[in-house]
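Notes for the one structure printed next.
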Amino acid sequence: MMRRGNIMALLLSSFTALQAQTKQAVELSGKVANMQTGKVFLQKFDNKLFTTVDVADITNGKFAFHTPLVLPELYGISLDTSRTPMYVFLEKGPITVQLDSARYYANTVVTGSASQDLFAAFKKQENVNISDFIKAHPASLVSAYVLYRNYSYKLTPEQIQENIALLDPSLHSTPYVTFLKELTGVMANVAIGKKAPDFTANDPEGKPVKFSDHWKGYVLLDFWASWCAPCRKENPNVVAAFQKYKDKGFSVYGVSLDKAKEGWVKAIANDHLDWTQVSELNYWQSEIAKQYGVRAIPANFLIDSNGIIVGKNLRGEQLQQKLEELLGKSGGTATKKVFKGQGPIQAVNTESRPVQRQWKGIFNEPGDYVFFRNDFDCARLNGLVKTNDSIYTALITSENTPINGSPWYAFKVWSKKPKRITITLTYQQGAKHRYTPKFSKDGKTWTLPTDASVDVEPDSLPDKYSFAVNAGPDTVWVAGQELYTYQQVLGWIADLGKQTKLTTLTIGKTRAGRPLTLVKMGNLHSKKRILILGRQHPPEVTGQFALNAFVEALAANTVQAKAFKEQFLIYVIPFMNPDGVADGNWRHNEGGIDLNRDWQDFHQPESQAVRDFLKKELADNENKLLFSIDFHSTWDDIYYIVDPKLKGNMPGFVTDWLQQLKERIPGYVPNVKPLYSAPPTSTAFSYLFQQYGTEALVYEIGDKTPRDFIKHKGQVAAEALMEMLSSRAK
């Protein structure tokens with residue numbers, strides 16, 4: 001959903017504010033060839049539309065305006081308001097315009113406006129690099145306007161922001177830049193992986209049609225209009241894809257930006273658009289187009305059955321290629337291939353082993369203009385090879401063997417001057433690329449790079465991966481996933497303490513001597529207890545996000561959460577492996593061991609600390625650890641459970657709880673796999689089941705699961721748990 005105050009409202013308010021600024025009379029005069037009498041209309045620009053602000057009479061072929069206007073600014077001059085006006089940048093000082101009524105604007109000459117001269121020069125150029133143009137004219141309103149008008153629909157949110165930063169600060173309050181800033185937020189909300197905004201609009205018969213009712217299989221949200229020549233040219237491609245895949249789970253939902261119903265309906269028939277069509281008949285004032293940040297058409301969004309955006313602007317052969325990938329040649333279904341998960345877990349030796357230390361510092365040589373560094377928590381960059389000032393190869397290696405399939409990396413890059421560079425990630429022998437790189441400017445807010453694939457799958461992993469970075473004096477953070485450090489966890493715990501009463505304990509020390517933190521929440525004297533674990537493996541950031549959302553729902557100041565906390569004592573260990581996270585490890589702790597394989601022999605201090613804490617807390621046999629959940633990340637969402645044939649404290653509880661998730665999240669089908677049926681108890685959840693009869697599971701979140709869905713599912717999962725456990729726990 002868009003936040004309150006959509007783009008149009010923002011733009012109109014921006015222009016209203018502009019008009020409220022100090023105005024001065026424009027000195028605009030001109031001549032009209034081939035026309036002795038008539039009228040000239042002066043118009044102002046509002047989101048691709050012009051409205052008349054003054055009218056001048058033509059006398060003996062001449063006219064003049066002295067209208068109070070905000071200057072400099074873009075206006076329109078027209079001899080006929082039914083036609084698009086001549087764009088003119090007006091500014092202080094006398095300006096003259098020569099028009100030719102016989103050829104309308106073909107022979108127009110404007111003198112006295114430096115902005116107009118620049119605008120005219122811009123229009124004569126081809127393939128203009130907007131960044132170079134802005135750098136050459138940073139303080140010109142023309143730069144702000146062309147960025148807004150000509151490039152906002154071509155650039156990513158990150159590229160728009162980068163170009164805004166090149167503009168002189170005096171232009172940042174203009175309606176064009178204000179609009180662009182808001183637009184980047186909207187574009188981020190409709191990026192691939194995000195939940196599609198829902199809406200309802202009328203079909204040609206005037207019947208309301210809700211978009212989410214069409215979230216079955218894959219649906220293409222197609223923005224077009226009868227007056228749009230590129231749209232009409234593209235329609236046959238959409239028709240071909242529809243005819244080929246309509247029986248395999250594919251549909252189309254068209255949104256027209258038409259103004260007149262007659263032209264819209266006629267184009268539907270002529271182009272054979274035999275699918276759902278809606279329109280507000282409101283041209284560029286379409287609220288739906290604004291919701292999706294559509295600035296040019298044709299535009300489209302491919303959306304799956306969960307309402308998640310999985311593709312954008314798929315034109316020509318791209319649409320069928322994407323559908324072939326999703327639905328398959330044999331007819332397939334609209335359901336993607338189910339992630340099979342891992343096989344039975346074998347016992348391994350968990351005695352400490354040496355780890356490889358990274359060299360920490362800044363990677364550069366004398367005379368370099370581009371710099372890399374890895375001297376921060378979570379960083380991993382083991383080597384760097386420079387081909388030239390624009391091409392670099394990064395070597396990423398694990399902390400030790402055996403090589404794990406979670407090749408984590410994180411580093412910073414910057415350059416003395418703005419420069420687009422290419423980075424190729426390479427891995428030690430036996431390792432494959434897995435994590436699509438993320439970008440950040442502050443280490444907190446992260447985005448996908450513009451040219452990164454989001455379709456890397458377990459059975460088609462590349463040995464290396466290349467992507468581009470727009471480097472500059474400001475640091476760019478690059479990482480396999482968003483960074484989430486121990487310090488951030490402490491801040492998160494502090495925020496939880498503002499919602500509910502907490503007791504924070506240090507239950508032991510890690511191999512490197514860091515504190516292992518546990519939080520108690522709820523009734524400290526309750527015999528009914530649950531345990532929440534997370535971050536045993538350093539790269540598993542999405543699992544961390546799921547844990548946070550789950551715990552936040554338990555800590556909430558709701559009636560349900562308050563009642564639950566009166567009945568239960570909740571243990572939370574949100575960060576089991578702070579050493580591995582800080583060192584940027586692929587899998588292991590400081591002792592070189594996978595902590596989630598040490599719950600049989602307990603050689604590592606982290607697992608020992610949890611074991612000993614629980615022994616003490618549950619020494620009284622009346623104290624029951626009824627439920628435990630261990631949060632992790634993998635390729636796709638999956639739940640690993642104890643074989644249902646084995647009976648714990650509450651037989652059937654976990655499977656019933658997962659069924660509740662299915663019922664509470666429309667279209668969601670949990671992927672469930674039994675993973676423990678007999679000793680050894682190498683993993684946390686199997687140990688807790690075997691030792692205490694705890695109803696335990698592993699809650700795995702996919703690397704690419706949309707972050708807003710992670711939060712939503714975590715909240716729903718916690719609410720279902722509170723309801724069920726409150727009624728079934730004895």
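The values are calculated or read from the model by the stated rules, or taken from the named source; none is laboratory data. None of these values were measured; they are calculated from a predicted model. Cβ coordinates were reconstructed from backbone atoms using ideal geometry, including for glycine residues, and neighbour counts include every protein chain displayed.
Summary of values
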read-out	value
Hey, GLN691 of a type outside the set (D, E, K, R), surrounded by fewer than 17 Cβ atoms within 10 Å (Cβ to Cβ) and outside any loop (DSSP other than H, G, I, E, B) or not	yes
Residues satisfying the stated conditions in segment 173-199, i.e. without any contact (Cβ under 8 Å) to a residue 40 or more places away in the chain and out of contact with any Ser or Thr (no Cβ under 8 Å at 6 or more places or on another chain)	SER173, TYR176, VAL177, LYS181, THR184
Pick from segment 16-27, criterion assigned to a strand (DSSP E or B) and at pLDDT 90 or above, ranking: surrounded by the fewest Cβ atoms within 10 Å (Cβ to Cβ)	ALA25
One residue from LYS216, LYS233, LYS244 being surrounded by fewer than 16 Cβ atoms within 10 Å (Cβ to Cβ), closer than 17 Å to ILE297 by Cβ, modelled with pLDDT under 95 and outside the structural domain of ILE130 (by the TED database)	LYS233
Any hit, segment 160-175, residues being crowded, with 19+ Cβ neighbours inside 10 Å, in contact with a strand residue (DSSP E or B) (Cβ under 9 Å, 6 or more places away or on another chain) and closer than 17 Å to ALA296 by Cβ	no
Criterion: without any contact (Cβ under 8 Å) to a residue 12 or more places away in the chain and in the same structural domain as GLY693 (by the TED database) - qualifying residue of LYS520, LYS527, LYS498, LYS509	LYS498
Residue satisfying condition, being at pLDDT below 95, surrounded by fewer than 22 Cβ atoms within 10 Å (Cβ to Cβ) and more than 14 Å from ALA717 (Cβ to Cβ), within set PRO670, PRO644	PRO644
Test: residue in segment 392-401 that is assigned by the TED database to the domain that holds SER440, surrounded by fewer than 17 Cβ atoms within 10 Å (Cβ to Cβ) and modelled with pLDDT under 90	yes
Scope segment 536-590; condition of a type outside the set (Val, Ile, Thr) and closer than 20 Å to THR694 by Cα; matching residues	GLN536, LEU547, PHE550, LEU554, PHE564, LYS565, GLN567, PHE568, LEU569, TYR571, PRO574, MET576
Residues (under 25 Å from the mean Cα position of the chain (by Cα) and assigned to a loop (DSSP other than H, G, I, E, B)) located in segment 382-418	GLY405, SER406, PRO407, TRP408, TYR409, PRO418
Which listed residue, of GLY30, GLY93, is over 18 Å from PRO175 (Cβ atoms), surrounded by fewer than 16 Cβ atoms within 10 Å (Cβ to Cβ) and modelled with pLDDT of 90 or more	GLY93
Those strands (runs of 3 or more DSSP E) lying entirely in segment 33-124 with at least 2 residues farther than 19 Å from LEU141 by Cα and among the polar types (S, T, N, Q)	49-59, 94-100, 104-111
Residue under evaluation VAL265, criteria (1) within 26 Å of GLU325 (Cα to Cα); (2) assigned to a helix (DSSP H, G or I), criterion not met	(1)
